[in-house]
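One structure below.
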Amino acid sequence: MATYQISGPGGAVYQIEGPEGADPSALVGAINGQSTKAPSPNAPQGALGEVALAGRDVGEGVLDTLAAPHDLSTAITNWARPGINRLLGTHLPQVTPFSAGLSNALTSAGAPVASTPGEKLAASAIQGTAGALTGLGAMGLPARAIASLPALRAALAGTTGGTSAGVARQAGVGPVGQFAAGLAGGLMPAGIEGTLAAGSRLADPFTRAGQARIAGNALSQAAENPSAAAQNLLSAQPLVPGSMRTAGEASGDTGLLALEKGIRARNPGPFGTRISEQNAARQAELTNVGGTPADITAAQTARDATTAPMRQAAFTHPNNAVPAPVADVHSTIDSILASPSGARETIAKTMNWARGLIGDNTDPETLYEVRKDLRLAQQGKLQPSSEGAPAASTLAHARGQLGQVINSLDDAIESSAPGYKAYLARYADMSEPIDQMGAIQELQQKASSGLDTATGHPFLSAPSFSRGLASTLDQGRLTPTQTARLNAMREDLQRGSALSSPTVKTPGSDTFQNFMLGRKITGGLTGHVPLIGKYLRGVNDFVDQRVNQELTNAMLNPQHAASLLGRATPTSPFVHAMGIALRNRALPIASAPLPALSSSQSLRARLPGLLAR
């Protein structure tokens, strides 16, 4: 339905409800007794009538939005038909839009009709709100998204847009004017929100919260993926106790790493302190895992105090009078030489050297001393001085065969010194933690170089530590817990060196000045205002100092950096609200005719059908 203004006798002006596109002169007969305030036959009566009217408005808002593409096509058809009629001499009638047909059908069915100006404005607002929310649903958004803040913005935009269009309609404005008024009204909430946000941003450089927001914007602009970086920062935990991570490496984002690199250059003091703290924490962790030389000495003393009596008891046993069966050991050497491996020069030389070292000794304690040299040779730690003896490297190549000889020698000693093997087992058990501490302390020593004068600890080198750890792990001496802690140390060292990665670009000298809104606001004035220029420069310096301090704090505290990223001014709310309003008001106009007008060929194919309507 449409509202028409008609002048009657005596200059009186009447408002008449009639079909869309009707000739106003044909409605003059309906003027009799109808004033501008005459109630509609379907005017709502009482509270139930108002509820029914609101229900009608909601239904029309929903269905009209879903039918918007159809109504747009209808509008294009109605716009084109007068020209077609003049060109072809036809009398094609105007097509009733779906929205008008739906309104007429509801009125004919007895649905209440808004009659007063207030009811009409309320109807426009309700229809606009329902249409906006329907548009969100038609976009396929989940229910939780439709109940979110952007949806509320869209609903408000629909309310103000519908109300504005209703005011324009009651003022007698044409369809184009009504569309423009609805579009402007729909953008009004977003415009107000944007204006308030702009005012807040102007004050940002001079407030703590605003400075934090500026720093957050800097982080957001620098990050390659702000959302993923924020998640990584929130979950970042120290890999080594006391070695607090920095935000650049904890974020896993090369953009934030580059930003941290620049901030370090601008404010090196706090980061130098952090480096010292990290190094001290790593050294302390190595000491916790591997102990100190004093710990090794204490463990050795305890081991010797426990095992020495066991060894002494074995070598003073009455069975010592029985010679040790060294012939069995020589037999073991012969079998090795007779095996395929015995054909190797390194094996043959090592076995003949071992045979000569053992000789015809049958005293268990003497054979035990021989065993010590065999064990050192197996570990590659013995260089015999006798003429023609193999080199230490040759002996180390035969460590497996030397192990067989040592086992055979242990059996021979045990036969003359019962309890000897129990002593060996206890000695080995108590030596294992000593060997582990020795390996870790050796790793620590080889990976350390230079001296941190702030803490007195030598600096650990990430490459040296990685190489040394790989070698230590290959020996298979460490426990799973020690291995895990040392691997965490290696990762912490490597992460601490992340800034030197070739993927991290060095920012330009003006990178951080570009983030300072204070400098943007007043920087162009400082050189041209004679009296207050120095004060403006002071404002710039104040803002720069505060924001850089926020950025420094953020880089030293990953959780704080994540918090600042959350404070960054999002571009989506304002843009999203405008987009919703434009989508509900303007997008159907742009998109609906595309299928029908995709090509001139398709238009020619549809022309007979259009003419026949």
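Of all the criteria given as (1) in contact (Cβ under 8 Å) with a residue 40 or more places away in the chain; (2) not assigned by TED's automatic domain parsing to the domain that holds Gln482, the one not satisfied by Leu424 is (1).
So for the stretch 269-292 (the condition being over 24 Å from Ser449 (Cβ atoms) and polar (S, T, N, Q)), does at least one residue qualify? Taking every residue of the stretch 269-292 in turn, none turns out to be over 24 Å from Ser449 (Cβ atoms) and polar (S, T, N, Q).
Sort out which residues of the stretch 62-89 are surrounded by 12 or more Cβ atoms within 10 Å (Cβ to Cβ) and in a loop (DSSP other than H, G, I, E, B), and write them in order of number.
Ala67, the sole residue that qualifies.
Of the residues making up the stretch 92-110, those that are in a loop (DSSP other than H, G, I, E, B), at pLDDT below 80 and more than 54 Å from the chain's Cα centre (by Cα) are Ala109, Gly110. Test Ala229 against the criterion of being in the same structural domain as Thr481 (by TED's automatic domain parsing), buried (at least 20 other Cβ atoms within 10 Å of the Cβ) and either touching a Gly at 6+ places or on another chain (Cβ under 6 Å) or among the small types (Gly, Ala, Ser) (or both), and give yes or no. Yes, satisfied. Considering Glu387, Glu369, the condition of being part of a helix (DSSP H, G or I), loosely packed, with under 13 Cβ neighbours inside 10 Å and of a type outside the set (Val, Ile, Thr) is satisfied by Glu369 alone. Residues of the stretch 268-292 that are under 27 Å from Gln482 (Cβ atoms) and under 28 Å from the mean Cα position of the chain (by Cα): Arg274, Ile275, Glu277, Gln278, Asn279, Ala281, Arg282. The criterion of at least 2 residues that are of a type in the set (Ser, Thr, Tyr), under 20 Å from Thr552 (Cβ atoms) and in the same structural domain as Ala228 (by TED's automatic domain parsing) is met by the following helices (runs of 4 or more DSSP H) wholly inside the stretch 246-316: 268-290. Of all the listed residues (Pro463, Pro458), the sole one being surrounded by fewer than 16 Cβ atoms within 10 Å (Cβ to Cβ) and either within 16 Å of Thr292 (Cβ to Cβ) or not small (Gly, Ala, Ser) (or both) is Pro463. Residues that are among the polar types (S, T, N, Q), free of Cβ contacts under 8 Å to residues at least 12 places away in the same chain and either in contact with a Cys (Cβ under 7 Å, 6 or more places away or on another chain) or assigned to a helix (DSSP H, G or I) (or both) within the stretch 332-351 comprise just one, Ser335.
Only a single item in (1) buried (at least 16 other Cβ atoms within 10 Å of the Cβ); (2) in a loop (DSSP other than H, G, I, E, B); (3) in contact with a Phe, Trp or Tyr (Cβ under 9 Å, 6 or more places away or on another chain) is not met by Glu414, and it is number (2). Note on the stretch 316-329: residues that are within 18 Å of Asn407 (Cα to Cα) and surrounded by 13 or more Cβ atoms within 10 Å (Cβ to Cβ) amount to 6.
The values are calculated or read from the model by the stated rules, or taken from the named source; none is laboratory data. The shown structure was predicted, so the numbers you read here are calculated from the model rather than taken from an experiment. Virtual Cβ from ideal backbone geometry, glycine too; neighbours counted across all protein chains shown.
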